[in-house]
Each structure stands twice: as C-alpha cells, then as structure tokens.
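Student: Shown below is the structure under consideration.
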Amino acid sequence: MIPSFTHSIRGAVWLRWALLGAALSFVPAVRAQIKVGDPFPTLQSADLDGARPDTKGKVLLVDFWASWCNPCRASFPAYGRIYSDFSARGLALVAVSVDKVPADYAAFVRKMAPPFATVRDIGQKLVRVVQVPSMPTSYLVGRDGRVRFIHEGFHSDGTEGEIRKEIEELLGEKAAPQP
Amino acid sequence: MKTRCIAVLTLASLAIGLGGCASAKAVRVQPWERATLADYMMRPDRDPLGTQMDEHIYFSREAAAGGRGVGGSGCGCN
C-alpha cells in the first residue's frame, strides 16, 4: 500500500488538489486578442517581409489576409478603391499576409497588383500577437495608435461602406500624440 | 482502506485525464493556420463523378435531393 494514502485525510487532500487541477485545465487558455481600444502593435518593429509605409500621425488600416482565403481575394479591389480615395487625406493601408510560403504571397500580389503596401508576416508572429478571430480581419487604427474598429471577414454587400464611414470619422478627428 | 485508496486514485486519474482532453489549445486550428484545410484537395465535391454517385445514392435512399453541404473549402473564412 502507498504510504501517503494510509491516512484517509491525506488521501482526501490529494484528491482535492487533483480535482482542482483538473477543473483549472477546463478553463480555456487566456488569449490576448487585440480589441477595440487596445494599442495596435507597431508595424515598424514587427518581423515583416516588405516595405512598410510611414504611418506616423495617420489613420491606419491593417488587413490580415492569405492567398488561400477567397474573401481576402474579394476584398483587395475594395481596399484598392478605399486607398485611392483616402490616402491623400491621411490614410495608410497595410495588407499583412499570413502566408507561410513566400511564393504564394508573391504570386497573389503580382496578380492583384494592389496600390497599397503589402507585407508578409514572417513566421506568423504578428498575427499571433494580434490573434485575429477569422480570415480576413481588418483593424482600423486611429491617429493615436489605438484600435477603433475591427472587421471580421469581408462581406461585399456592406463592409466597404462601413469602413468608408469609419475612415471618414477617424480622419475628421484631431491628431493626438501617439502612446 | 485499500478500496478507498483505489477509489481515490481512480477518481484522480479520471479527473486529470479528462482535464487533459478539455485543453482547447491543443485542438484548435487558428484562423491563420488553415491553408491546408483551404486546399482544393480538401473539398468534398472535388470529384464531380463521385459527387453525382453520392447524390444518386442519397436520392434513392431518402427520396430527396439537394441541400447537401455548402460551397467553398475548409478555411472557415468570413
């Protein structure tokens, strides 16, 4: 017989700890998902493949996409139109690819030829920090560097219009010092 | 005492084992990791002849046609 279980009280304590551990393991892992109001990670320090535009003092739209994601493909022409309409007024747009294969990323960009900046998230590090809830997901970041709006997925019937309204709202705000 | 000891050990083993099964992190494929799931080979309707045969079997057995599955691949986008 195991000595630690010869005493019923000690056995009960051990059981209590085991049950507590099991109960804790049922609690889902805490994910630091970026939400509205959170500061968005700086793109300049992220491990990205590709040239990043100057985003200081600008309204920033960050779109996470992948070459294998069909809604992402549908979103690119819309983001192109948005960029063309608002870039002169202070909008920066960066499309971050989560593709693991550089050739897939390059082929997609070559085919779509977007007017905005595209980069590849090397090792999918940035997307792990941001914890995007679905593909694609776009983040509208105010001039203060904080996330103001999040769009999960891209729906051709309404997403572009919503983003346009939100950009107008953010561009209309006064510039604030970055955190 | 021996029975109690066995009961304690069994309960504790069950609790720990089932707790391990509940770890969501171990099984969840993140949205950005679904490139393989989105591959054409993962589509259930990639073989038109096979799909037609399945439809025929379904129709023969259930006296109903259509309403099977949804379009797109398995990336779970949008």
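Student: What net charge is computed for the residues neighbouring residue A:166, neighbours being all others with C-beta under 12 Å from the C-beta of residue A:166, Lys and Arg scored +1, Asp and Glu -1?
Tutor: -2
Student: Another one. Residue separation times 0.36 nm, minus the C-alpha to C-alpha distance between residue B:9 and residue B:39: what's the value?
Tutor: Roughly 6.2 nm would be gained on extension.
Student: Right, next: Using only atoms on other chains, find how many Cβ atoms lie within 10 Å of each Cβ of peptide A:63-75 and report the average.
Tutor: 4
Readers should treat all values here as calculations from the given coordinates under stated rules, not as data from a laboratory. Note that the coordinates shown come from a computational prediction; the quantities given were computed from them, not determined experimentally. All Cβ positions, even for glycine, are placed from backbone atoms using ideal geometry, and neighbour counts span all protein chains on display.
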